[in-house]
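Data first, discussion second: the structure below is written as structure tokens.
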Amino acid sequence: MTHWRGLAISAIGIAATLSLALSGRLDWYIHPRYTVFTVTMSVLGALVGMLAVGILAAGAVRHRRARAEIPAAPTDPPHPERADRPRTIAVVSAGALVAALATALLIIPPATLSAATAGQREMNASISPGGEAPVAIDDVDDLSQLDVKQWSLLLRQQGGEAALGRTADLTGFVMPADGAPDDVFYVARFSVTCCTIDAQPVGVPVYAPGWQDDFVADDWVRVTGVFATNPDPDGAHPMVLVPAEATAVDMPEDPYVH
């Protein structure tokens, strides 16, 4: 029973992984550089699993034949209900575990990390998420190519003075900002280094008093504007993006930054 349960769990995991890869959503859970490796290992795991099924099935047949050839020994009067109880409990427990796993991985639609997850992790926690080198803005020919992570990194360098007066065009999800959530929200993304377990939220503060009238947390928005000194001198962010335009957009095909 233990072997079959393990094979069933492995099969569900492999099926879920390959299904995500075929739908293009495996990147919602791992960094794209690991996609080929993960798919390759899943296919190899499927082949090994099929081989294991054959070996276990053949072993079960041999075991039944061997038991049939052994003469029955005198035993105490049987107690069918008491003898079958542990096996019944094991079968039901294994079935419940497999059913729960199949529901979680194969039936419930996949989803990306959300603002709720970001709220459980520290925004812009490290100076250099993913170990990237500091951004040298004077070496950037086209500022529109900078993404949310690069701008957030720049804002954490020397108080973000290098961003002052620069224009940015950013797309991300809305995340209420710390300190002054009525006036400032983050346009945020998750920075994924390996997989969603280590994903870190990164965000650029957008100064937009009353933004709650137009957006709610988790909405995807495109914000264009210019970086300026925070109008609120007591605000948590010395430099903010003052939007010229902020519009709701659909979630991009790749919602993370790498």
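The values are calculated or read from the model by the stated rules, or taken from the named source; none is laboratory data. For clarity, every value in this text was computed on a predicted model and none was experimentally measured. Cβ atoms come from the backbone with ideal geometry, glycine included; neighbour counts cover every protein chain shown. Accessible surface areas use protein heavy atoms only, side chains included; no ligands, DNA or RNA. Shrake-Rupley method; radii C 1.70, N 1.55, O 1.52, S 1.80 Å.
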Exercise. Could you give the C-alpha radius of gyration of the range 168-212 expressed as a fraction of 2.2 N^0.38 Å, taking N as the number of residues it contains?
Key: 1.26
Quiz item: Evaluated at 37 °C with a viscosity of 0.692 mPa s, what Stokes-Einstein diffusion coefficient in µm²/s does the range 214-258 have when Rh comes from the Kirkwood expression over alpha-carbon pairs?
Solution: 263 µm²/s
Self-check item: Helix axis angle, 2-23 relative to the chain longest principal axis, alpha carbon, degrees
Solution: 40 degrees
Exercise. Kindly list the residues of the range 1-25 that lie in the label zone of Thr88, defined by a backbone N under 16 Å from the point 7 Å along the Cα-to-C-beta vector.
Key: none
Quiz item: Helix-derived [θ] at 222 nm for the chain: sum -39500 (n - 2.57) over DSSP H runs of at least 4, divide by residue count, nearest 500?
Solution: -12500 deg cm²/dmol
Quiz item: At a probe radius of 1.4 Å, what is the per-residue accessible area of Thr193, in Å² to the nearest 10?
Solution: 50 Å²
Self-check item: Inter-label distance for Ala244 and His63, nm, one decimal - labels placed 7 Å from Cα along Cα-to-Cβ
Solution: 7.3 nm
Self-check item: Cα long-axis angle, helix 80-102 against the chain (0 to 90 degrees, to the nearest 10)
Solution: 30 degrees
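How large is Rg/Rh for the chain, to two decimals, with Cα atoms and a Kirkwood Rh? Kindly include the intermediate steps, with their values, before the conclusion.
Working: Rg = 27.4 Å, Rh = 22.3 Å.
We get a ratio of 1.23 for the chain.
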Quiz item: According to a simple spin-label model (label point 7 Å from Cα along Cα-to-Cβ), what is the distance in nm between Thr35 and Gln145?
Solution: 2.2 nm
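I need the shape label for the range 164-240. Rule: rounded when a/c is under 1.5, else prolate if a/b > b/c, else oblate, with a, b, c from the alpha carbon gyration tensor. Working shown, then result.
On the way: a/c = 1.65, a/b = 1.48, b/c = 1.11.
Taking the square roots of the gyration eigenvalues as a ≥ b ≥ c, the range 164-240 is prolate.
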Quiz item: How much accessible surface does His63 have with a 1.4 Å probe, in Å² rounded to 10?
Solution: 110 Å²
Quiz item: Given the Cα atoms of the range 1-51, and with Rh set as the inverse mean 1/r over their pairs in the Kirkwood sense, what is Rg to Rh to two decimals?
Solution: 1.03
Quiz item: Taking Cα atoms, how many degrees apart are the long axis of helix 35-69 and the longest axis of the chain, rounded to 10 and kept between 0 and 90?
Solution: 10 degrees
